[in-house]
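Heads up, the thing below is written out as structure tokens.
The values are calculated or read from the model by the stated rules, or taken from the named source; none is laboratory data. These figures come from a predicted structure and were not determined experimentally. Cβ placement follows ideal geometry from the backbone for every residue including glycine, while neighbour counts extend to all protein chains displayed. SASA here: full protein model, heavy atoms, side chains in, ligands and nucleic acids out. Shrake-Rupley method; radii C 1.70, N 1.55, O 1.52, S 1.80 Å.
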Amino acid sequence: MVIKIGQPFDIRSSEITPEPVYRSRRDFMKAAAVGAIGAVACGPLGEDLSAQATIPNVKPSPLSTNEKPHTWEQLTQYNNFYEFGTNKSDPARYAGRLTVKPWTVKIDGHVAKPADYAFEDLVKPHQLEERIYRFRCVEAWSAVIPWVGFPLADLIKRVQPTSRAKYVAFTTLLRPTEMIGQRSAALDWPYVEGLRMDEAMHPLTILATGLYGREMPNQNGAPIRLVVPWKYGFKSIKSIVRISFVENEPPTSWNIANAREYGFYSNVNPTVDHPRWSQARENSLGSLLKNKPTLMFNGYADQVAKLYEGMDLKKFY
Ligand SMILES: Nc1nc2c(c(=O)[nH]1)N[C@H]1C(S)=C(S)[C@@H](COP(=O)(O)O)O[C@H]1N2
Ligand SMILES: [Mo]
């Protein structure tokens with residue numbers, strides 16, 4: 001195992017990083033250098049994850065939080081990706097087997113321009129941005145994640161849904177030869193998710209293709225995944241192969257698995273507990289305590305609360 005101190009941080013230039021974040025990252029690097037933070041950028045099988053290619057022309061976004069991001073290692077060694085197993089360490093261990101090049105995304109349903117897009121052609125017309133977002137898993141751990149991506153709204157405008165399109169449905173790859181978790185029935189495969197059209201069009205909703213300025217690690221949902229920062233993490237479906245524009249609320253994997261515990265909306269809400277645990281507090285990855293107050297809509301209430309005006313969020317959980 002090769003130990004590379006600070007490797008994930010020095011990949012990032014000051015041009016693509018908002019100044020306050022860059023400064024805190026420099027402090028971070030100093031801490032790493034004196035050993036307060038060990039940045040060990042390799043997986044349990046010894047693969048050097050920082051070997052991921054850098055993504056060019058990434059511009060900073062005013063929609064980023066200025067909270068300090070978690071480390072590359074934290075974000076790539078503790079994951080939920082049931083296609084590779086149900087333990088948090090399984091994705092880092094097994095997702096390297098997934099072939100992500102070539103990759104095709106089918107766009108279909110009520111849309112003027114349905115097509116099968118090669119990943120590169122899907123992404124090419126869009127300005128990639130660094131979006132440093134808060135992230136909250138329904139299991140009550142949270143993180144700050146520097147994604148690279150572009151607004152889903154930009155793609156939606158490009159493919160021109162018709163007036164019959166009220167929801168967007170997403171599907172993950174089904175490939176049990178490489179996704180070894182799909183050989184057991186932990187969930188119904190393939191993993192599916194969905195958003196209401198106004199949620200899909202919201203400027204905070206992105207399709208992410210990278211992490212820390214680098215191509216998306218397989219365990220985080222390569223080559224392209226959804227990120228909806230005001231909703232519990234399971235809405236942010238990974239390794240997408242199909243985006244469908246549909247009339248009715250589409251089925252979603254966790255709702256199929258357990259409708260009492262997981263609804264369609266799944267907005268982060270400290271006042272609506274999971275039937276088996278409180279959502280009032282969270283455990284920031286790397287912290288020993290579940291002592292951080294959970295914020296309404298994960299801290300994005302000012303931007304998204306109006307989407308749910310008049311809705312009973314206890315009923316539509
Ligand atoms: N296809 C697919 N997407 C998925 C999951 C999954 O098991 N399969 N897990 C979800 C859950 S529960 C969470 S918390 C996030 C985790 O994303 P991360 O590992 O990049 O932090 O991915 C979500 N997207
Ligand atoms: Mo999650």
Can you give the FRET efficiency to the nearest 0.05 for Ala301 and Trp277, using r as the Cβ-Cβ distance and R₀ = 25 Å?
0.70
Once phi for every residue in segment 56-61 is put through the Karplus expression 6.51 cos²θ - 1.76 cosθ + 1.60 (θ = phi - 60°), the whole-Hz ³J(HN,Hα) values, with Gly and Pro written as x, are x, 6, 9, 9, x, 10
Semi-axis lengths (Å, descending) of the ellipsoid that matches the C-alpha gyration tensor of segment 13-308:
27, 22, 21
What does the charge dipole of segment 80-209 about its Cα centre add up to, to the nearest 20 debye, if the Cβ of each Lys and Arg holds +1 and the Cβ of each Asp and Glu holds -1?
40
So, with points 7 Å from each Cα along the Cβ direction, the Ala115-Ala51 label distance in nm works out to 3.4
Carbon plus sulfur fraction of accessible area for segment 207-254, probe 1.4 Å, in percent:
44
Give me the percent of accessible area attributable to carbon and sulfur for segment 82-184, probe 1.4 angstrom.
51
Return the long-range amide H neighbours of Gly213 (sequence gap of 5 or more, or a different chain), with a cut-off of under 5 Å between placed amide H atoms.
Val148
Exposure ranking of Ser266, Ser284 by accessible area [1.4 Å probe, largest first]:
Ser284, Ser266
Ignoring ligands and nucleic acids, His274 exposes an accessible area, probe 1.4 Å, in Å² to the nearest 10, of 10
Which value, in Å², gives the accessible area per residue of segment 13-308 when a 1.4 Å probe is used on the protein heavy atoms?
41
Between the alpha carbon centres of segment 166-200 and segment 72-124 the gap in Å comes to 10
